[in-house]
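Participant: Take this structure, written in C-alpha cells, and hold onto it; I'll ask about it next.
The values are calculated or read from the model by the stated rules, or taken from the named source; none is laboratory data. Since the model is a prediction, treat every value here as computed from it, not as a measurement. Using ideal geometry, Cβ is built from the backbone for each residue, glycine included, and neighbour counts are taken over all protein chains shown. Each accessible area value is taken on the protein alone, full model and side chains, heavy atoms only, with ligands, DNA and RNA left out. Shrake-Rupley method; radii C 1.70, N 1.55, O 1.52, S 1.80 Å.
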Amino acid sequence: MSQQTWSASLSLDSSAPRTSCLDLWREKNDRLVRQAKVAQNTRLSLRRQQLAQDTLEGLRELLHSLQGLPAAISVLPLELTVICNFITLRVSLARGFTDDLTQDIQQGLERVLETQEQLGPRVGQGLGELWDAILRASSLLPELLPALHHLVGLQAALWLSTDRIGDLALLLQTLNGSQSGASEDLLLLLKTWSPPVKESDAPLTLQDAQGLRDVLLTAFAFRQGLQELITGSLPRALSILHEAASGLCPRPVLVQVYTALGTCLRKMGNPQRALLYLIAALKVGTACGLPLLEASRLYQQLGDASAELESLELLVEALSATHSFEAPQLLIEVELLLPQPDQASPLHCGTQSQAKHLLASRCLQLGRAEDAAEHYLDLLALLLDGSEPRFSPPPAPPGPCVPEVFLEAAAAMIQAGRAQDALTICEELLSRTSALLPKMSQLWEDARKGAKELPHCPLWVSATHLLQGQAWVQLKAQKEAVSEFSWCLELLFRATPEDKEQGAVPNCEQGCKSDVVLQQLRAAALISRGLEWVASGQDTKALKDFLLSVQMSPGNKDASFHLLQTLKKLDRKDEALVLWQRLKVQTQMPQEEAAWSLPLYLETYLSWIHPPDCETLLEEFRTALLEPCDL
C-alpha cells in the first residue's frame with residue numbers, strides 16, 4: 001500500500017471499518033495511560049513496579065505497530081503522543097535520561113518529515129536540523145502542533161539534563177517564532193513558550209506539554225540561580241531562586257531552593273531573613289540535612305558557637321536516621337533535571353561521618369576539648385567500622401583524609417588531657433602506615449628530584465611522632481618525649497623541598513602546601529624538644545634547637561621568642577638585643593593573611609608551644625636588656 005493510499009484510508013472522512021484501527025490504537029494508548037496512573041497510586045512497591053513495566057511494554061508494542069506502517073498525517077498525532085508517553089515512562093523508571101532516547105525522538109521527527117510532500121526523509125541530519133526543518137515548514141498542519149510541543153518538551157528536558165543549553169535555546173527560539181538575534185535568555189524563552197491547549201478528545205498523556213514546561217522552568221531557574229550563587233552574583237541569584245521557589249517545586253527540591261536562598265541571604269549580610277528560609281526548609285518535612293548544615297554556617301558567621309554546635313549535632317542525627325521511601329511519580333520530575341551537587345556546591349550535605357568530623361573539628365577549634373575528644377572517638381569508630389579505610393588523599397576532598405582525622409583525634413585527646421588515649425590513637429595510625437615506611441626513602445628521593453610531589457605519608461608519620469612526644473610531655477615522661485621529637489625530626493630532615501624543580505605543588509587536605517607543612521612540622525618539633533631541654537635545665541641544648549628552628553623557619557615568631565628567652569637566660573645580651581630588635585620590627589609590621597591554611601592538628605599543636613602574651617615579653621626584655629645599657 002502506498003503512503004498516499006494509507007493516508008487516505010486513515011483520514012477523518014474515511015469509512016468506519018477503516019477508522020476502527022486508529023480507534024483501537026487510541027483506546028490501547030488510553031488504557032495504558034490509565035494503567036500507569038493506577039500503578040502510581042499503588043502502595044505495594046512490587047505491584048507498582050510490575051504494573052509500570054507492563055505499561056512500558058504495552059507502549060513499546062503499540063509504538064512498533066504504528067511505526068511498522070508508512071507515516072500518515074491522520075495517525076501522527078497519536079503516534080507522537082505514544083512516543084511521548086513511552087519516553088516519559090522510560091525516563092521515570094530509569095530515574096534519568098539514557099542515550100537511546102535520542103533515537104526515539106529522532107525517529108518521530110523523521111516520521112513527521114515523511115508526511116511533508118516536498119520534503120523527503122532527512123537521513124543523517126542531527127536533531128537540531130530536524131527540529132528546524134519541521135518547525136519552519138509552511139505545510140505543517142495545526143493538528144500536529146499539540147503533539148509536537150509535547151515532543152519539544154521532552155527534547156528540552158533531555159538537552160537540559162545534558163547541559164546542551166545553546167541547542168535548547170535555539171529550539172525554543174524557533175518554536176516561539178523568534179528571529180535571529182532575539183533573546184537567548186533561556187529563562188525568558190521558557191516563560192514565553194505557550195504550548196497549545198489539548199483538545200478534549202485528544203489521546204491521553206502521562207504528562208502534557210504544559211506540565212513539562214512548568215518542570216523545565218523550575219529546574220532551569222534553580223540550576224541558574226545556584227550557578228549565580230556559586231559565582232557570587234548574589235542579587236541575581238536571589239531573584240532567580242525566588243522564581244524557582246514559586247514554581248512547580250516538589251518538597252525535596254523546595255528544601256534545596258529554600259536552603260540556597262538562605263545561603264544567598266547569609267552571604268548578602270542578611271542573617272535574619274536567611275534564618276527564616278532555613279526554618280521554612282525544615283518545616284517542609286523531608287530531609288533536614290541541608291538546612292541544618294547551612295544553619296551551622298549562619299550561626300558560625302554570627303559567632304553563636306552554642307547554636308552552631310547544636311545545629312551540627314542535629315545534622316549528625318538527621319544523616320544517621322533512616323527516612324521512609326517515597327515512591328517517585330511516573331512522570332518527568334524536577335529532580336531528574338538537576339545535577340547531583342558536587343563537593344564544592346553549597347548544597348552538598350555530605351555523609352554522616354563528614355558531618356561528625358565537622359562537629360568534632362569545630363569543637364576542637366572552639367576550645368571544647370572534652371566534647372571534641374568524644375566526637376572524634378565516635379568518628380573513628382564510624383570510619384573503622386567495616387571495610388578498611390583508604391589512606392591516600394583524594395584529589396579534591398571536602399575535608400581531611402583518614403590519617404589527618406587520626407591526627408586531629410590525637411590532638412583533641414591531648415587538648416582534653418587524655419594523653420594515654422592520644423598514644424593509643426597514634427599507635428593505631430602508625431600500625432596502618434607501617435607498610436609504607438620501607439618506601440619512604442624512595443618517596444623523598446623522587447620529591448627531591450622533582451619527579452613527584454612531596455609525599456603525604458611521611459608527613460603523617462612525622463606528625464604522629466610529634467603528637468606522641470607531646471603526649472609523653474603531658475605524662476611527665478621526658479625521655480620518651482625527647483625520643484619521639486628526635487625521631488620526628490629524623491624523618492622530616494630527609495626531605496629537602498628547596499631542591500625541587502619549579503612547578504605547581506599540589507595542595508594538602510585543607511589547601512595548605514605540603515612543603516609549608518613540612519617547614520612548620522620541623523619548627524614545631526625543634527621548639528618542642530628545645531622546651532624539654534629547658535625543663536630539664538639543659539639550656540645549651542635548647543639554644544641549639546631554638547636557633548635551628550629560627551634558621552629553618554625565619555618568619556616563625558614563636559621560635560624567635562623561645563630563642564630570645566634562652567639567650568637572656570644564658571646572659572648572651574648582645575645576641576638577645578639583635579633578636580629583640582628584629583622581633584620588635586616584626587610585631588609592628590601588618591600581618592599578611594596566608595594564602596592557605598594549615599591542617600587543624602598542626603594549628604592545634606602550634607597553639608600549645610606559642611609563648612603567652614608576647615607583647616608583655618617584649619616589654620620585659622626591653623627593660624632587662626636596654627636599661628642596663630643606658631646606665
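Participant: Any chance you could list P(r) for the range 21-178, counting all Cα-Cα pairs in 10 angstrom bins from zero, rounded to whole %?
Facilitator: Pairs per bin, as whole percents: 10, 38, 34, 15, 2, 0.
Participant: Could you sort LYS573, LYS283, LYS584, LYS544 by accessible area so the largest value comes first, with the probe set to 1.4 Å?
Facilitator: The ordering from most to least exposed comes out as LYS283, LYS544, LYS573, LYS584.
Participant: Same structure, new question: With every protein chain left in place, what is the accessible area of SER536 in Å² (1.4 Å probe, nearest 10)?
Facilitator: 50
Participant: Would you mind calculating the relative contact order of the range 21-178 from Cα pairs under 8 angstrom and at least 6 residues apart, reporting the percent as a whole number?
Facilitator: Relative contact order of the range 21-178: 20 percent.
Participant: Then there is this: With each pseudo-label sitting 7 Å past Cα toward Cβ, what's the ASP571-ARG251 distance in nm, one decimal?
Facilitator: According to this spin-label approximation, the distance is 8.1 nm.
Participant: Quick check: pseudo-label points 7 Å beyond the Cα along Cα→Cβ at THR102 and SER194, how many nm apart are they?
Facilitator: 3.4
Participant: Which whole-number percentage describes the relative contact order of the range 215-321, with Cα contacts under 8 Å and a sequence gap of 6 or more?
Facilitator: 19
Participant: Leaving ligands, DNA and RNA out of it, report the carbon-plus-sulfur percent of the accessible area of the range 183-255 at a 1.4 Å probe.
Facilitator: Exposed carbon and sulfur together represent 54 percent of the surface.
Participant: Once you've got the Cα coordinates, tell me which of LYS479/LYS568; LYS28/LYS191; LYS476/LYS541; LYS544/LYS573; LYS479/LYS569 are over 28 Å apart.
Facilitator: Beyond 28 Å: LYS28/LYS191.
Participant: Let me ask you something else. Considering only protein heavy atoms and a probe of 1.4 Å, how much of the accessible area of the range 21-178 is carbon and sulfur, as a whole percent?
Facilitator: With neighbouring chains kept in place, the figure for the range 21-178 is 50 percent.
Participant: Considering the convex hull of the alpha carbon atoms of the range 187-319, report its projected area averaged over all viewing directions, in nm², one decimal.
Facilitator: Projected area, direction-averaged: 9.6 nm².
Participant: Under the definition of Cα pairs under 8 Å and six or more residues apart, what whole-number percent is the relative contact order of the range 328-385?
Facilitator: Normalised by residue count, the contact order of the range 328-385 is 25 percent.
Participant: Okay, moving on. Rounded to the nearest whole Å², what accessible area per residue is found for the range 187-328 with the 1.4 Å probe?
Facilitator: 46
Participant: Okay, moving on. When ligands, DNA and RNA are left out and all protein chains stay put, how many square angstrom of accessible area per residue does the range 21-178 have with a 1.4 Å probe?
Facilitator: Value returned for the range 21-178: 44 Å² of accessible area per residue.
Participant: Now for a separate question. Quick one: what does P(r) look like for the range 248-312 with 10 Å bins over all Cα pairs, in whole %?
Facilitator: Values per bin, smallest distances first: 26, 54, 18, 1.
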